[in-house]
Amino acid sequence: MNSTPWRAPLLWRGAQTLARAVVGLVGRLEVTGDVPDALRHGPLVLAANHISPFDPVVLAAACRVRRVAPRIMATGGLFRAPVIGALMRRAGHIRVDRGTAAVHRSLEVAARAVAGGSVVLVYPEGRIGLDPGMWPERGKTGAARLAFASGTAVVPVAQWGSHEVLPYRAPRGMLGAVARAVARRPVIRVHFGAPVPLDDLRSDSPGAARQATDRIIDAITEDLVPLRPDEPDRPRHVDPGRPVDDSRAHRRRTG
């Protein structure tokens, strides 16, 4: 593995600082936990739950607080957008064209990035979760396969509160939602957990990717519990435009 860590472009570090300011305008950011110093500058995989279109801004801000500059695996639609697409490419982020054969190439690019010393941020659920209680869904195996391919650690990142800033169907209804957030300034919590133990799993063993994925989702879920202590079952803030789908419900471990 290349021992020289990837250095975030000035453009991306500036964008993280801007994200911190934006989050401060619409909410109160609380960041707990940390990334081990040995992993802070990579190689590392960050695995976060996905609850809102505002998540990338929140995570960019939280990572800035913890002095981490991740390369984000983001939907291909962002890369096709005018201006934003060019900025995403220049900042070193990784395009994911979901539902196409190119998604496998995205994992290869991400694996090379991690091997080259990068911190890569992934959403194991593969979409904004639609669980009725807004708990993490059963994950896709991409994050686990990335960890196996790169041989590096996975740090779970749990977040809560970003769903109160932007609605699921943004930009529809965005202006009103942002105005309400500016007035209310909801608490937005992000927690960096302990690395997920995967050393006992062999990547070539049948079912290893699924087992590793379940461990990652379990870790995110367990770290999410204390972020929403007064909302153990269903969220207080309900977005009427957000569909509900329990077909990918993740069975949480107890105890």
Cα convex hull of the stretch 181-255: how many Å³ per residue?
154 Å³
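Once every DSSP H run of n ≥ 4 in the chain is given -39500 (n - 2.57) and the sum is divided by its residues, what mean residue ellipticity at 222 nm do you get, rounded to the nearest 500 deg cm²/dmol? Please list the in-between numbers first.
On the way: 8 runs with 91 residues, N = 255.
Computed mean residue ellipticity for the chain: -11000 deg cm²/dmol.
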Provide the per residue accessible area, probe 1.4 Å, for the stretch 161-255, rounded to a whole number of square angstrom.
61 Å²
Taking the Cα-to-Cβ direction at Ser205 and at His104 and moving 7 Å from each Cα, how far apart do the two end points lie in nm?
2.5 nm
With a cut-off of 8 Å between alpha carbons and a minimum separation of six or more residues, what is the relative contact order of the chain in percent?
28 percent
Could you list which residues have their amide H under 5 Å from that of Leu121, counting only those 5 or more apart in sequence or on another chain, with H placed in the peptide plane?
Leu46, Arg71, Ile72, Met73
Along the charge dipole of the chain, which of Ile72, Ala91, Val120 sits closest to the positive end, that is, farthest toward it, with unit charges on the beta carbon of Lys, Arg, Asp and Glu (+1, +1, -1, -1)?
Ala91
Taking the Cα centre of the chain as origin, work out the dipole magnitude from +1 charges on Lys and Arg Cβ and -1 charges on Asp and Glu Cβ, in debye rounded to 20.
880 debye
If the chain between Ala86 and Arg234 were fully extended at 0.36 nm per residue, the gain over the current Cα-Cα distance would be 49.4 nm
Check Leu29: other-chain or 5+ apart residues with amide H under 5 Å from its amide H, H built from backbone geometry?
Ile188
Order the peptides 90-97, 62-69 from the highest to the lowest mean number of other Cβ atoms within 10 Å of their residues.
62-69, 90-97
Debye intensity ratio I(q)/I(0), log10, the stretch 104-255, q values 0.10, 0.12 Å⁻¹ (C-alpha model):
-0.41, -0.58
Step by step: find N for the stretch 50-163, compute 2.2 N^0.38 Å, then divide the Cα radius of gyration by it. What's the final number?
1.03
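Pairs of Cα atoms under 8 Å, at least six residues apart: use those to get the relative contact order of the stretch 101-195, whole percent.
Numbers: 80 pairs, mean separation 23.5, N = 95.
Normalised by residue count, the contact order of the stretch 101-195 is 25 percent.
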Between Ala21 and Asp245, how high is the FRET efficiency from 1/(1 + (r/R0)^6) when r is the Cβ-Cβ distance and R₀ = 25 Å? Nearest 0.05.
0.15
Tell me the relative contact order for the stretch 1-150 as a rounded percent, counting alpha carbon contacts under 8 Å between residues six or more apart.
33 percent
From the C-alpha coordinates alone, can you work out the Kirkwood hydrodynamic radius of the stretch 141-213, in Å?
15.0 Å
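Give me the tail of P(r) for the stretch 1-85 as a percent: Cα-Cα pairs with distance above 14 Å. Don't skip to the answer; put the middle values down first.
Values: 2445 of 3570 pairs.
The share of Cα pairs beyond 14 Å in the stretch 1-85 comes to 68 percent.
The values are calculated or read from the model by the stated rules, or taken from the named source; none is laboratory data. Note that the structure is predicted; figures quoted are calculated from it, not measured. Using ideal geometry, Cβ is built from the backbone for each residue, glycine included, and neighbour counts are taken over all protein chains shown. The protein model used for the area step is the full one, side chains on, heavy atoms only, and it has no ligands, DNA or RNA in it. Shrake-Rupley method; radii C 1.70, N 1.55, O 1.52, S 1.80 Å.
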